[in-house]
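Contents: one structure, followed by commentary.
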Amino acid sequence: MTSLRLSPLIPRPSSLVTVLLSIFLLIFVPQAIAAGNPGFKPALPGWKYEFPRDHRLHRDFKTEWWYYNGHLKSPEGQSFGYQVTFFRVGLIPGPMPREGSRWHIRDVYMAHLAVTDINNKTFLYQEKAGRGNLGLAGADTDQYRVWVENWKVIGEGKGHQIQAGDADLSISLNIIPTNPPVIHGVNGLSQKGSKAGQASHYYSQTRMNTKGIIRIKGKEIPVTGISWMDHEFGSNQLSKTQTGWDWFSIQLDNGMDLMIYQLRRLDGRVDPNSSGTLIGPDSHTIHLFLKDIKLRVLKFWKSSRSGAEYPASWEIDLPQHDLKLELIPLVADQELMTPKSTGVTYWEGAVKVKGHYKGRAAEGTGYVEMTGYDRRFQPKI
Amino acid sequence: MITKVYSLFILRHYLQSWRQSLLTVLGLALGISVFVSIHLTVGASLRSFKNTVQAVSGKAEWQLVQNGREIDEKLFPVIKTHPVVQAAAPVVEFQASLYRWPGQMIWIMGVDFFSEAGIRRYSDSLSSLKGEEFLPLLTTPRSIALTRIFAARYGIKEGDVLTILVNGRPKKLTVVSLMEAEGPAQALEGHFGLMDIAQAQDVFGKVGVLDRIDLLLREEGVEKNQIQELKKIIPQGVRLLQPADREKGTERMIRSYQLNLTALSFIAVLVSMYLIYNTASLSVVRRRKELGILRSLGMLPWQVLLLVLFEAAGYGLIGGLIGISGGTLLAGFLLDTVSRTITNLYVLVGVRELPFSFFEAGVMIFLSIIISMVSAYFPARQAARLEPREVIYQRPGWIGPGRIKNRKNLYRGLGLLGLAGLLTGLPAWNNWPVGGFSATLALTLGFSFLLPDFVRGGINRILSLGFQGKKDLLSAWLGVNYVNRYLSRMAVAMAALMIAIAMLISVSLMIRSFRQAVDTWISQSVSGDLFVGPVFPSNQVFSQFLDPQVIGEIEKVKGISDIYYYRGVITELKGFPVRLWSGDLAVIQRHGGLAFTRGKSEEIFQKTLTGEEILVSEVLANQLGLKPGARLSLMTAQGSHSFSVAGVFYDYRTEGGAVWMDRHLFLKYWKDPRINGVRVYLKDPARIHQVREAIYKKMAGRVSLVIISNKELRDQILNIFDQTFQITYVLEAIAILVAFLGILHSSSISVLFREKELGILKALGALPGQIRRMILMETALMGLFSFLWGGIAGTLLSLILIFVINKQSFGWTIPFHWSWLIYLQTLGIIVLGSILSGWIPAGMAVRKSTQEMIREE
């Protein structure tokens, strides 16, 4: 998946399956960067968040994405996990030329949809990509609206409307946040590498009531549940020493939420810039440094299709906060293979969460994204 | 046992008469090679055309196009997001000239790489472009990807600048990547470039428009009602087509060209069939005794039949093998001519390689064997009918047409001629002049049967001139007499030569008449002193435009009295591509008008200038059976519209027919004011040079224009014309060559057969020179009579070619144009050729010692 290579900025690469190989090449091919990167703004400390402005497009930054996941249930008791991402890569900074073709490229937009049918143990996904020309894809600065063709997210009042997918698989969801946005990192900055600017602006809406419809092969299923939203923007690239990452979003029944990302390095160690955020029921946030987080893989699962071996269960231990959780995939195979586009293979899926918080049982749901397991990540140049 | 007899008998014959065998094989090989070369070269062009279509349309099952103009790009988002559409890719394309290599073209396609998935993108990216190479096309201004083949051909490297001519203006493009020959890069044998759609629109002046949209529909969307859904949102004039439909018309035209060349190339095969017939007859006659013995030993008639047929099959096998190699070699020489002709006439094809398949080679060898066996059938049947007794005791004779009663031959010949006459009346079948071709065959066969009578009559006339007693002419007299006596031995070879001559004369007459018609047409109907445009006025003209600024500047040049602005588009008529020309017809009318098949020129022009009436070319009128006053439904940019035919005009410009309309109608139905070029009329035609210089001077350094005079245009058109028919002369030449091999063959046999006779002549004091003269006289006579008879046959054939075959397959009216020169030239070739082919047998006769020749066994 492309975004994975796109930037550490996006530690969880939202699964942009079909997306074009060249997009990440853009990031890694020096001449391409020379053509595209100058003129984009680096993510630096001191960003003042303002909503709903920051839900919208940040064209000054090179990469930006909007991500949603959630756990939904139908009245008949069917359970689903879903994940939708809209992704933008700026190729050339500045506005469109005033004259001439309306096809001059500025940004590339990509979108991805994955749905896990937990009862039937099936996993479906779709993707879309396009240049932001002729209104076929884009994002606005005067309102929250991002779209790739007829896939779109629109902010309406307090809520977000999501529409994605085609005839075989689609979702229409209405999502309303129940807590304020959570800003990750320190001083408005989520650091991803050791250098200045190797970072992103990153916030989440960790709890959002969700209602809508999932359509699978023509069958409409009304669903309700809870969603998580991420929005991240910056202008940096993945460092050459990083091989992949593991990302977790967890919503506990006791009202607590947790986000953790761990960047894995080529030498097998975890990058010191890995971090997380613990959010209390009162929306109070605590930044977690790598030293605060203990991650342990309990089990592995090997994909018969790709041959990649992924962690299949995790133990997350935050000893300082007396929080210990076990994450178990709701469907073993939530692997995405993209032989038609980038050839990148990764796992992103719904998990159930069980454990203890301050001596009491804690339960919940979550999403896990794991990249770079099928082969060692190697930048082209 | 029987196989052993067969192989012994056949091999021994090959070895014993190796000279004749060699000639036979060589003749057949030549015939086959011509056939093979045509098959290969036209096949290669056809394949190039199909590959190009396939390569550039990728997996698209449908295309949206607007006839004769581009589509508004605003349609694209609507199509792209339509629920029936699975994938939609916008395409902007352009045929650009290479600035540094005049006359060379490159076909450039501008695409949106993000829409290519499923259509031309199969794996990582565009299949011919690796991922790393596709991005610079987006981020480098004015950049292009070229194929490796193209780059190597012109010595271009990554990072170099390629200058192309767009509407006469040089445009510099940076070469940012090189493509492998995969996917669309297979088009036009590498003369293909790929650009980002935005840059292509800017560079080609196509901002806001698309040439087409390639589509993949959802599987469930292919059901009819869903296609109807899609059609509902398509604006008027835009059409939803399948790529195959778009190209069918062009393919059909190339196939028809192929058919005509194949028919021509068959002549050489036909001539070589006579040669095999001759050889088989010889083999039977020479071994009558042997055959008789075999028969009396118990060999059955059908076994004798097979024996002779197998012997011929051997020639077929070897001839076929050599023919395929020779044909491949010949195809290499013809390839360029053929592909250039197809480009001139129909569609841009680039051919560099010949398609060679072992399967086809096998088929050709099989055909060659069958042809040989068919040719040997009659001698074989006669051999099978021989009674053992009759054979052993009878004097050796000759098996051939001579043995058939003359009357019978005469009736057969006349019958065939009558049949030919009837066949010419048959209508075309699917535009294929089946009747015409059959008539040609019947006529040639008829003339072959009548040949012996004709020759006999001719010789009697010569003999009555009175050679006798004149010492100097003794050897000539002997020669004439010999031909007369042994006519049956010579008849087949003469018939073969006669056919080759008839074909040469008929095709030459047809070409000459055609050329004359074209020439007359240019001087009558193509007015204008100077032709100005971004490219040479040809089929390529359609995609290139003169910009209004340039036109404005041309208008201001001094010495111009009138300007005709023209615009051509390719549109569609009943599924056929048809060229539509529009312009201010009043200007044409003022300057000589057009040659109409009927009706008053003034009235016809008047109708086109004011009403919804158009002009159609004669070719089109013939194809569709249109007459003035008929209505014609033409696909316009606004959809199909019915026009009335004001007049039918003679037009020899292009294949497929043309429609002309006044500019007011074009503007109404295409709403596109662009101009491809202008014809300039001068106040003083003598000042052509000055006016041309004045225009060049104004444009210097900014716009590269092609400005040609009427005379240059005429020369160019005739040049293309000559180029088109060059290949037919090659085919003819080979047929003639095969025929001479036949003469050489017959003549050397006749020398062998009368060794004793010649020996006695020598013993009686005939000098070597006299013997030589006698034999040369024989071959010259054979040539002469073949020529005379072939000349008559050829003249008749040319009428069939011009008035039946041409009319049915192309639709042109060609006035018959007689030319003595053609006969004279042919005669020259024939006399020279016959003497040359008599030289070797004459030498044989002279060299052998007299004793050896007259010694009794």
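Hey, which of the helices (runs of 4 or more DSSP H) in the range B:761-855, taking only ones fully inside, have at least 1 residues that are basic (K, R)? Explain how you work it out, then say what you get.
Details: elements: B:768-800, B:806-809, B:820-847, B:850-854.
The qualifying helices (runs of 4 or more DSSP H) are B:768-800, B:806-809, B:820-847.
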| query | Mind checking which residues of the range B:73-125 are within 11 Å of chain A (Cβ to nearest Cβ) and under 26 Å from B:W581 (Cβ atoms)? | reply | B:V92
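Yes/no matrix, rows are residues, columns are (1) within 12 Å of another protein chain (Cβ to nearest Cβ); (2) under 39 Å from the mean Cα position of the chain (by Cα); (3) charged (D, E, K, R); (4) at positive phi:
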{"residue": "B:L135", "(1), (2), (3), (4)": "yes, no, no, no"}
{"residue": "B:L138", "(1), (2), (3), (4)": "yes, no, no, no"}
{"residue": "B:R148", "(1), (2), (3), (4)": "no, yes, yes, no"}
{"residue": "B:G190", "(1), (2), (3), (4)": "no, yes, no, yes"}
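Residues checked against (1) surrounded by 24 or more Cβ atoms within 10 Å (Cβ to Cβ); (2) at pLDDT 90 or above; (3) within 14 Å of chain B (Cβ to nearest Cβ):
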| residue | (1), (2), (3) |
| --- | --- |
| A:P11 | yes, no, no |
| A:G39 | no, no, yes |
| A:D60 | no, yes, no |
| A:T63 | yes, no, no |
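Within the group A:L298, A:L325, which residue is farther than 25 Å from A:Y67 by Cα and either touching a Pro at 6+ places or on another chain (Cβ under 6 Å) or part of a strand (DSSP E or B) (or both)? Break it down into steps so the answer makes sense when it comes.
On the way: A:L325 fails: farther than 25 Å from A:Y67 by Cα.
That would be A:L298, the only listed residue that is farther than 25 Å from A:Y67 by Cα and either touching a Pro at 6+ places or on another chain (Cβ under 6 Å) or part of a strand (DSSP E or B) (or both).
Restricting to the range B:351-406, name every residue that is small (G, A, S), part of a helix (DSSP H, G or I) and modelled with pLDDT of 75 or more. Working first, answer last.
Just the residues of the range B:351-406 that are small (G, A, S), to begin with: B:357, B:361-362, B:368, B:372, B:375-376, B:380, B:383-384, B:397, B:400, B:402.
Next cut, part of a helix (DSSP H, G or I) only: B:361-362, B:368, B:372, B:375, B:380, B:383-384, B:402.
Those that are small (G, A, S), part of a helix (DSSP H, G or I) and modelled with pLDDT of 75 or more: B:A361, B:G362, B:S368, B:S372, B:S375, B:A380, B:A383, B:A384.
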| Single condition B:E693 does not satisfy, out of (1) in a helix (DSSP H, G or I); (2) surrounded by 19 or more Cβ atoms within 10 Å (Cβ to Cβ) | (2)
| task | Tell me which of these A:V19 doesn't satisfy, since it passes every other one: (1) at pLDDT 85 or above; (2) within 14 Å of another protein chain (Cβ to nearest Cβ). | result | (1)
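Residue-by-condition table, conditions (1) among the aliphatic types (A, V, I, L, M); (2) under 21 Å from A:L327 (Cα atoms):
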| site | (1), (2) |
| --- | --- |
| A:L189 | yes, no |
| A:A199 | yes, no |
| A:I213 | yes, no |
| A:I221 | yes, no |
| A:D230 | no, yes |
| A:S235 | no, no |
| A:T243 | no, no |
| A:S249 | no, yes |
| query | Can you tell which of A:E99, A:E127, A:E156 is within 10 Å of another protein chain (Cβ to nearest Cβ) and surrounded by fewer than 16 Cβ atoms within 10 Å (Cβ to Cβ)? | reply | A:E99
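Inspect the range B:21-43 for any residue being assigned to a helix (DSSP H, G or I) and within 12 Å of B:L215 (Cβ to Cβ) and give the result as yes or no.
If we filter the range B:21-43 for residues that are assigned to a helix (DSSP H, G or I), which is where we start, we get B:21-43.
Subsequent filtering for residues that are within 12 Å of B:L215 (Cβ to Cβ) retains none.
No, the range B:21-43 contains no residue that is assigned to a helix (DSSP H, G or I) and within 12 Å of B:L215 (Cβ to Cβ).
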| message | Filter the range A:139-151 down to the residues that are surrounded by fewer than 21 Cβ atoms within 10 Å (Cβ to Cβ) and away from every other protein chain (no Cβ under 11 Å) and list them by number. | response | A:D140, A:T141, A:D142, A:Q143, A:R145
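How many of the residues in the range B:344-365 are without any contact (Cβ under 8 Å) to a residue 12 or more places away in the chain and over 14 Å from B:L40 (Cβ atoms)?
Applying the first criterion (without any contact (Cβ under 8 Å) to a residue 12 or more places away in the chain) to the range B:344-365 yields B:357-359, B:362-363.
From what's left, over 14 Å from B:L40 (Cβ atoms): B:362.
Residues that pass the stated criteria total 1.
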| task | Could you tell me whether A:A167 is at pLDDT below 90 and farther than 26 Å from A:F80 by Cα? | result | no
| query | In this structure, does B:S644 turn out to be in contact with an Asp or Glu (Cβ under 6 Å, 6 or more places away or on another chain) and closer than 22 Å to B:R714 by Cβ? | reply | no
| remark: When (1) more than 25 Å from B:S819 (Cβ to Cβ); (2) polar (S, T, N, Q); (3) crowded, with 24+ Cβ neighbours inside 10 Å are applied to B:Q770, the one that fails is (3)
| query | Any residue at all in the range B:799-810 that is more than 27 Å from the chain's Cα centre (by Cα), hydroxyl-bearing (S, T, Y) and at pLDDT below 85? | reply | no
| remark: Sole miss for A:D166 among (1) surrounded by 17 or more Cβ atoms within 10 Å (Cβ to Cβ); (2) in contact (Cβ under 8 Å) with a residue 12 or more places away in the chain; (3) within 14 Å of another protein chain (Cβ to nearest Cβ); (4) not basic (K, R) is condition (1)
| So A:K195 fits all but one of (1) among the charged types (D, E, K, R); (2) part of a strand (DSSP E or B); (3) modelled with pLDDT under 95; what number is the exception? | (2)
| remark: Those residues of the range A:210-223 which are closer than 18 Å to A:Q83 by Cα and open to solvent by less than 90 Å² (accessible area, probe 1.4 Å) amount to A:T210, A:G212, A:I213, A:I214, A:R215, A:I216, A:I221, A:P222, A:V223
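Can you give me the number of residues within the range B:35-67 that are over 30 Å from B:Q726 (Cα atoms) and open to solvent by 20 Å² or more (accessible area, probe 1.4 Å)? Working first, answer last.
Start the filter on the range B:35-67 by keeping residues that are over 30 Å from B:Q726 (Cα atoms), which leaves B:54-67.
When the remaining residues are screened for being open to solvent by 20 Å² or more (accessible area, probe 1.4 Å), the result is B:54, B:59, B:61-62, B:66.
Looking only at that region, the number is 5.
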| task | Considering each residue of the range A:102-124, count those that are small (G, A, S) and either open to solvent by 20 Å² or more (accessible area, probe 1.4 Å) or in contact with a helix residue (DSSP H, G or I) (Cβ under 7 Å, 6 or more places away or on another chain) (or both), and give that number. | result | 0
| said: Let me confirm something: among A:Q126, A:Q163, A:Q205, which residue is within 30 Å of A:G280 (Cβ to Cβ) and part of a strand (DSSP E or B)? | reply: A:Q205
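Among the residues of the range B:199-211 satisfying the criterion of being outside any helix (DSSP H, G or I) and open to solvent by 10 Å² or more (accessible area, probe 1.4 Å), which is farthest from the other protein chains (Cβ to nearest Cβ)?
Here is the first cut: in the range B:199-211, the residues outside any helix (DSSP H, G or I) are B:204-211.
Keeping just the survivors that are open to solvent by 10 Å² or more (accessible area, probe 1.4 Å) gives B:205-209, B:211.
Values: B:G205: 10, B:K206: 8, B:V207: 5, B:G208: 7, B:V209: 10, B:D211: 14 Å.
Ranking the qualifying residues of the range B:199-211, first place goes to B:D211.
The values are calculated or read from the model by the stated rules, or taken from the named source; none is laboratory data. Quick caveat, the model's predicted, so the values are computed rather than measured. Note: ideal-geometry Cβ built from the backbone for every residue, glycine included; neighbour counts use all protein chains shown. All accessible areas refer to the heavy atoms of the entire protein, side chains included, with ligands and DNA or RNA removed. Shrake-Rupley method; radii C 1.70, N 1.55, O 1.52, S 1.80 Å.
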